[in-house]
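J.: Just passing along the structure, written as structure tokens.
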Amino acid sequence: MASLQLTGIRKSFGATPVLDDINLTLEQREFIAFLGPSGSGKSTLLRIIAGLESADSGEVWLEGRRIDTLAPGERGIAMVFQHYALYPHMSARENMAFGLKNARVSKDEIDRRIAAAAAVLEITPLLDRKPAEMSGGQRQRVAIGRALVKEPKLFLLDEPLSNLDAALRLRTRVELAQLKQKVDAAVIMVTHDQAEAMTLADRIVVINDCEIQQVGPPMEIYSRPANSFVAQFVGSPAMSLLPATLVEGREFASLKLGDGSVVHTKVPLAGLPGGELRLGLRPEAVRVTDTKGTTKAKVDLVERLGERTLIYAHLAGGQQIIGEDEPYSQVRLGDEVQLAIDGESAHLFGPDGVAFHRADA
Amino acid sequence: MTAARDWRGLLFALPFLALYALILIFPLMRGVWLSLNQVDLFGDGHFVGFGNYARLLHDPVFGTSLVNTFEVTLMIVPPLTVIALFLALALNRAGKGAAIIRGIFFSSAVLSVTIVTLIWRFILAPDAGLLGEAWKTFGWQPLPFLSDEHLVLPALALTTIWWSLGFPMLLFLAGLQQIPEDMYEAAALDHSSRWTTFWRITLPSLRRTLVLVVMLQTAAQLQLFGQSQLLTAGGPSGASRTAVLFLFEAAFGRWELGYASAAAEILFLIILAVTITQYWATGRATGADGGR
Amino acid sequence: MPTVAANIRRGRLTPLGWGGLIFGALIMVAPLLWTLLLSLKNNSELVGHSGAALHGPYTFENYVAIFGNSLTTRWLLNSAIVALGQTAGVLILASLAGYAFARLEFPFRRTLFVIVLLGLAVPSQAVILPQHELFAWLHLHNSYPGLILPGLVAPFGVFFMTTYMRGIPRELDEAAMLDGASRWTIFWKVIVPLTIPAQSTLAVFTFLGAWNDYWWPLISATRSDMYTLTVGLAAAQMNYAQTSGLGYLMAQAVFASIPIFIVYIVFQKQIVRAMAGAALQ
């Protein structure tokens, strides 16, 4: 049986559409990330699932039960809020017990669940402290604990890592991954950070412009982006998109770039639209080389990351391109460099943004 | 969210709104109706249109009471505001001494009008008052503050200023606390003199507080009642009868409810007009020189 | 540089400045001390010569007499009942209404809120006559409900609580909704505990206002056993000629002020904080 099912969810605030015909099915115990820029509608979708907003149309089902008609507290859903939303006047223990008391869970059972959750999250010594007496990381654990004790069928995490500093964020990411192994529920996490989504999620739902752009496992999203938005949003730095025209080819597409150089791809010719296309290249598909006769570019920025060097450059036609060089790169700002383009890993995008990939990628 | 569910939110506001409608809105409307009728103690009376208002216009007692009200308001509000502002400036500092003096200047504000008049009656009384006693030590004749037509309003104003200093002072102190320290640092770096700093930084920053104090005090003093009723009963010969005392006497002394209602409506409109004018004028002034 | 700036801001107060302030403060307290001294004097000593208050002998006989006078203690009780009743009522009504206006959606919410705000501009004298008439119809004059009810209609309290509650993060309400809390539970268990600073400020001001109110009890309480202290002392000073004397009258004044001074001293912080809030608006 599916865990969560969304069918035909639509929502607008006044005349502004926020979500347009969202359909999605979650498997049991699946960890899903809603990934998208701010204002994409991902948070609204999460709030509709939680019952904090109501959809204009569409249905929400959780484990065979329709829940969009129920009050938030009756849905079997727990949520960890972006700013944790711990009740400031209650101790950690009271925060965790509040929902259970409302649900008339027996006192013994409440104590048992809090003790168990506190042990898992290692917050037992904090139980009698108020939120003001805790660090950010501790508050987040209590917030997770408050969700955990409810034994929900679905966890919602709203930007769970955005309020933590960099070091704590990495540690918490590991802990969230471990937590996922221990809970018997599906998890939805909203995030705008693609690295977070890539590391934690079983599947990523990329949302933009009120719509789901693509649903799939992290590496599929990365290697076979459904369209130019996903291609550019996922991956850091972003994929370069270069305008190109289709030239002669037999089985696979070959394209001519603005400076006249030709790139031979492995994208099947069949099914490609005619006219203007865009060539999509990840930085690792573009390498600085000494070989003459390749694509020429002028360097705008050299970014040394240690294990590799990123070269931001523009072609003779002005198109931006990002490539890679070895760690001890000799390239400097303003240099003219030769770029070897690995056409075999290139993607193509039609005028409407739809992507075409090599058949076996 | 269904419509029925929406209405449930109203339930929380309903206890207040019900009382509000019964005890404020209804009397407000009823007051307008009463002012258009000749009503006395014995029943509902009859409709006289603007008859009560016309009668008020020709009633010298009402006219005098309005003039007294304006006079006493003008005697109170400017000095009260200036004194409170200077006290706040002087007392806006840390330390025990300043705290104690702040406490002293505020202490009179927690007293009721009855206590205040009780105290001041025996300060202003020429035969047994504190002021009289003090006067006598200088060998002067005590002044009959409460029984001299020309001294009675200043005496009421003095009493009121003593009573009312605390809240404006606290408001100014709170306003001073809101001025960012860096404005003063910038002024110090510009070698601004203390006087310039006051005129160019402190006073403009306090403008909103100043407006608030003047508006609240004006509205309050236009309704001055207890001091006049208790200290002098409006005397001597009406020299300290304020507008509210006039309507109180008309209503609960002579039971001319319609007539008193008309006086109440006129005073209400005056207060509203003065307040709105003050707000509008300062809004324009603030807008004109781009103040905060 | 901050020390320099701080000096300029506060201006170093000269000895002359301090002298002026202290002189002013003395003028402020002189009437209070004068009252206190008078209250400690034997009544007959003060007849025609109040200057006697400046020296001994002092006595507590006037205070003892107050406790022998059942009416004054009755007025104290009445004042306490009215002030506490009004304070409790305002807190309850303003919190409920504030929550509705700050958080709940219902038809005409904005309109109703504006109507409540307009009530801030209505001076009490504009409604006192119809109120008097209304309470006469309801047979509420000379009763505690009659003395308390008009004070409950406090638009400021609603405005104050609404503003304060709007400042509480909405995430808390939402967390409570997901915790299965009803509207009432959210209000009572989450919102109200978080408004305690505002509740205490509103309580102090309501209490001060109710305790010192003269206008309404003067009109509504016509039987001397239903007077509050303000009205009772007003009657006493008007009948001064017939009362037991100046010292006794002043002892009553001091006696009536003690509760309010205690409230003032205990709740100074709330008063100052409320002023800061008002200055911000």
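Here, each number is a calculation from the coordinates, and none is a lab measurement. Predicted model only: the values in this text are computed from it and were never measured. Note that we place each Cβ from the backbone using ideal geometry, even for glycine, and neighbour counts take in every protein chain shown.
J.: Spin-label point model (7 Å from Cα, Cβ direction): what's the B:Asp6 to C:His141 distance in nm?
T.: 4.5 nm
J.: May I pose another question? May I ask you to derive the FRET efficiency for A:Asp21 and A:Ala119 from their Cβ-Cβ distance with R0 = 51 Å, giving the value to the nearest 0.05?
T.: Details: r = 44 Å, r/R0 = 0.86.
So the FRET efficiency works out to roughly 0.70.
J.: Go ahead and collect, in residue order, the members of the stretch B:52-83 whose backbone nitrogen is under 18 Å from a label point 7 Å along the Cα-Cβ direction of C:Ile27.
T.: B:75-83
J.: Among the trypsin sites (Lys or Arg not before Pro) within the stretch A:304-338, which fall in a DSSP loop and have no more than 15 other Cβ atoms within 10 Å of their own Cβ?
T.: On the way: sites: A:Arg304, A:Arg308, A:Arg332; in loops: A:Arg308, A:Arg332.
Filter output for the stretch A:304-338: A:Arg308, A:Arg332.
J.: Which peptide among B:57-67, B:76-86 comes first, and what is the full order, when sorted by highest mean count of other Cβ atoms within 10 Å?
T.: Working: B:57-67: 14.8, B:76-86: 18.5.
Output ranking for B:57-67, B:76-86: B:76-86, B:57-67.
J.: OK, next. Treat every Asp and Glu Cβ in chain A as -1 and every Lys and Arg Cβ as +1, leave all other atoms uncharged, and give the resulting dipole magnitude about the Cα centre to the nearest 20 debye.
T.: On the way: 41 positive and 47 negative charges, 205 e Å.
Dipole of chain A, to the nearest 20 debye: 980 debye.
J.: Could you work out how far apart the two model spin labels at A:Arg29 and C:Arg170 are, taking each label as a point 7 Å from the Cα in the direction of the beta carbon, and quote it in nm?
T.: Each label point lies 7 Å from its Cα, and together they span 3.7 nm.
J.: Related question: May I ask you to list, by number, the DSSP H helices of chain A whose Cα span along the axis is at least 24 Å and whose average Kyte-Doolittle hydropathy reaches -0.5 or more?
T.: Details: long enough: A:166-182 (25 Å, -0.45).
Within chain A the helices that satisfy the rule are A:166-182.
J.: Would you please give the FRET efficiency between C:Ile92 and B:Leu189, computed as 1/(1 + (r/R0)^6) with r the Cβ-Cβ distance and R0 = 41 Å, to the nearest 0.05? Write out the running numbers ahead of the final one.
T.: Numbers: r = 53 Å, r/R0 = 1.29.
Rounded to the nearest 0.05, the efficiency is 0.20.
J.: Run through the stretch A:104-139 and list the GluC sites (Glu not before Pro) located in a DSSP loop whose Cβ has at most 13 other Cβ atoms within 10 Å.
T.: Details: sites: A:Glu109, A:Glu122, A:Glu133; in loops: A:Glu122.
Here the GluC sites (Glu not before Pro) that fit, given the DSSP loop and packing criteria, are A:Glu122.
J.: I would also like to ask the following. Given springs between every Cα pair under 10 Å in a Gaussian network model of chain B, which of B:Ala243, B:Ala98, B:Ala109 has the largest fluctuation?
T.: Looking only at B:Ala243, B:Ala98, B:Ala109, the biggest GNM fluctuation is shown by B:Ala98.
J.: Using a basic spin-label model with each label point 7 Å from the Cα along Cα→Cβ, how many nm lie between C:Ile262 and C:Leu117?
T.: It is 4.0 nm.
J.: Using a/c under 1.5 as the rounded threshold, could you call the stretch C:32-116 rounded, prolate or oblate? The axes a ≥ b ≥ c are square roots of the C-alpha gyration tensor eigenvalues, and prolate needs a/b larger than b/c, oblate otherwise. Display every interim value, and only then the final one.
T.: Numbers: a/c = 5.53, a/b = 3.33, b/c = 1.66.
It comes out prolate by the Cα gyration axes.
J.: Compute the angle between helix C:15-39 and the longest alpha-carbon principal axis of chain C, please, reported from 0 to 90 degrees and rounded to the nearest 10.
T.: Tilt of helix C:15-39: around 70 degrees.
J.: Report the rotationally averaged projected area of the protein assembly as shown based on its alpha-carbon convex hull, in square nanometres. Show your work: numbers first, answer last.
T.: Working: hull surface 211.8 nm².
Approximately 52.9 nm², given one-decimal rounding.
J.: Under 13 Å from a point placed 7 Å out from the Cα of C:Thr163 along the Cα-to-Cβ direction: which residues of the stretch C:201-243 have their backbone N that close?
T.: C:202
J.: Only helical DSSP H runs with n ≥ 4 go in: add -39500 (n - 2.57) per run for the protein assembly as shown, normalise by residue count and round the 222 nm mean residue ellipticity to 500 deg cm²/dmol.
T.: On the way: 38 runs with 481 residues, N = 934.
Value at 222 nm, helices only, nearest 500: -16000 deg cm²/dmol.
J.: Beyond 17 Å, what share of the Cα-Cα pairs of the stretch B:17-132 remains, rounded to the nearest whole percent?
T.: Working: 5240 of 6670 pairs.
Considering the stretch B:17-132, 79 percent of its Cα-Cα pairs are separated by more than 17 Å.
J.: Of the DSSP beta bridges with both residues in chain A, give the percent that are antiparallel, rounding to the nearest 5. Intermediate values should be presented prior to the final figure.
T.: Values: 59 of 78 bridges.
Expressed as a percentage, antiparallel bridges in chain A total about 75.
J.: Same structure again: Does a label point 7 Å from the Cα of A:Arg66, set along Cα-to-beta-carbon, have any residues of the stretch A:1-25 with amide nitrogen under 19 Å, and which are they?
T.: Residues passing the 19 Å test: A:2-11, A:21-25.
J.: Taking square-rooted eigenvalues a ≥ b ≥ c of the alpha carbon gyration tensor, is the stretch A:44-140 rounded, prolate or oblate, where a/c under 1.5 means rounded and, failing that, a/b exceeding b/c means prolate?
T.: Details: a/c = 2.58, a/b = 1.70, b/c = 1.51.
Taking the square roots of the gyration eigenvalues as a ≥ b ≥ c, the stretch A:44-140 is prolate.
J.: Quantify how strongly other chains surround peptide A:52-59 by giving the mean number of their Cβ atoms within 10 Å of each of its Cβ atoms. Could you put the intermediate results ahead of the total?
T.: Values: counts 7, 1, 1, 0, 0, 0, 0, 0.
Across A:52-59, the average partner-chain Cβ count within 10 Å equals 1.
J.: Could you quote the convex hull projected area for chain B, Cα atoms only and averaged over all directions, in nm²?
T.: Values: hull surface 96.8 nm².
That works out to 24.2 nm², a quarter of the Cα hull's surface.
J.: If you don't mind, there's one more thing I want to ask. Can you give the angle from 0 to 90° between the axis of helix C:109-118 and the longest principal axis of chain C, with both taken from C-alpha atoms, to the nearest 10?
T.: Taking Cα atoms only, the helix is inclined about 20 degrees.
J.: How long are the semi-axes of the equivalent ellipsoid of the stretch A:4-230, defined as square roots of 5 times the Cα gyration tensor eigenvalues? Whole Å, largest first. Before the final figure, lay out the partial values.
T.: Details: eigenvalues 173, 84, 48 Å².
Taking √(5λ) for each eigenvalue gives 29, 21, 16 Å, largest first.
J.: Continuing with this model, one more query. On each of the three principal axes of the Cα atoms of the stretch C:69-280, give max minus min coordinate, whole Å, ordered largest first.
T.: Sorted from largest, the Cα extents of the stretch C:69-280 read 68, 40, 31 Å.
J.: Can you give the relative contact order of chain C as a percent, counting alpha carbon pairs under 8 Å and 6+ residues apart?
T.: Values: 248 pairs, mean separation 87.4, N = 281.
About 31 percent, as a whole number.
J.: Follow-up question, since we're still on this one. For chain A, set up a GNM with springs between Cα atoms under 10 Å and report which of A:Lys298, A:Lys101, A:Lys153 has the largest fluctuation.
T.: A:Lys101
J.: Okay, moving on. What does DSSP give for the protein assembly as shown in terms of the percent of beta bridges that are antiparallel, rounded to the nearest 5?
T.: Numbers: 61 of 80 bridges.
In the protein assembly as shown, DSSP labels about 75 percent of beta bridges as antiparallel.
J.: A further question on this structure: Using only Cα atoms, find the angle between the long axis of helix C:70-103 and the longest principal axis of chain C, and express it within 0 to 90 degrees, rounded to the nearest 10.
T.: Long axis of C:70-103 versus the principal axis of chain C: about 20 degrees.
J.: Turning to a different aspect of this structure: Note the per residue figure in Å³ for the convex hull of the C-alpha positions in the stretch A:240-356.
T.: Working: hull volume 11.5 nm³, N = 117.
Given the Cα convex hull of the stretch A:240-356, per-residue volume reads 98 Å³.
J.: Using Cα pairs under 8 angstrom and six or more residues apart, how large is the relative contact order of chain B, in percent?
T.: Working: 317 pairs, mean separation 81.8, N = 292.
Here the relative contact order equals 28 percent.
J.: Also: Given the options C:Thr206, C:Thr111, C:Thr59, state which has the largest fluctuation in a GNM of chain C using a 10 Å cut-off (strictly under) for Cα springs.
T.: Result: C:Thr111 has the largest fluctuation of those listed.
J.: Taking trypsin sites (Lys or Arg not before Pro) as exposed when DSSP calls them loop (any state but H, G, I, E, B) and at most 10 other Cβ atoms lie within 10 Å, what is the longest stretch of chain C free of them, the sites themselves excluded?
T.: On the way: sites that count: C:Arg12, C:Arg223.
No qualifying site falls inside C:13-222, the longest such stretch.
J.: What is the magnitude of the charge dipole of the stretch C:69-280 about its Cα centre, with +1 placed on the Cβ of each Lys and Arg, -1 on the Cβ of each Asp and Glu, and no other charges, expressed in debye to the nearest 20? Walk me through the numbers on the way to the answer.
T.: Values: 11 positive and 8 negative charges, 37 e Å.
Charge dipole of the stretch C:69-280: 180 debye, to the nearest 20.
J.: Largest first and in whole Å, what are the equivalent-ellipsoid semi-axes of the stretch B:198-292 based on the Cα gyration tensor, each being the root of 5 times an eigenvalue? List each step's numbers first, then the result.
T.: Values: eigenvalues 262, 49, 12 Å².
The three semi-axes for the stretch B:198-292 are 36, 16, 8 Å.
J.: Still on this structure: Taking amide hydrogens as modeled 1.01 Å from N in the peptide plane, which residues meet the under 5 Å criterion relative to A:Ala201, leaving out close sequence neighbours?
T.: Counting only residues 5 or more places away or on other chains, the set is empty.
J.: Can you tell me the dipole magnitude for the stretch A:143-185 around its Cα centre, using point charges on the Cβ only (Lys, Arg +1; Asp, Glu -1), in Debye to the nearest 20? Before the final figure, lay out each step's value.
T.: Numbers: 8 positive and 6 negative charges, 23 e Å.
In total the dipole reaches around 120 debye.
J.: Given a Förster radius of 51 Å and the C-beta distance between C:Phe60 and B:Val67 as r, what FRET efficiency does 1/(1 + (r/R0)^6) yield to the nearest 0.05? Write out the running numbers ahead of the final one.
T.: Numbers: r = 47 Å, r/R0 = 0.92.
Once rounded, the FRET efficiency stands at 0.65.
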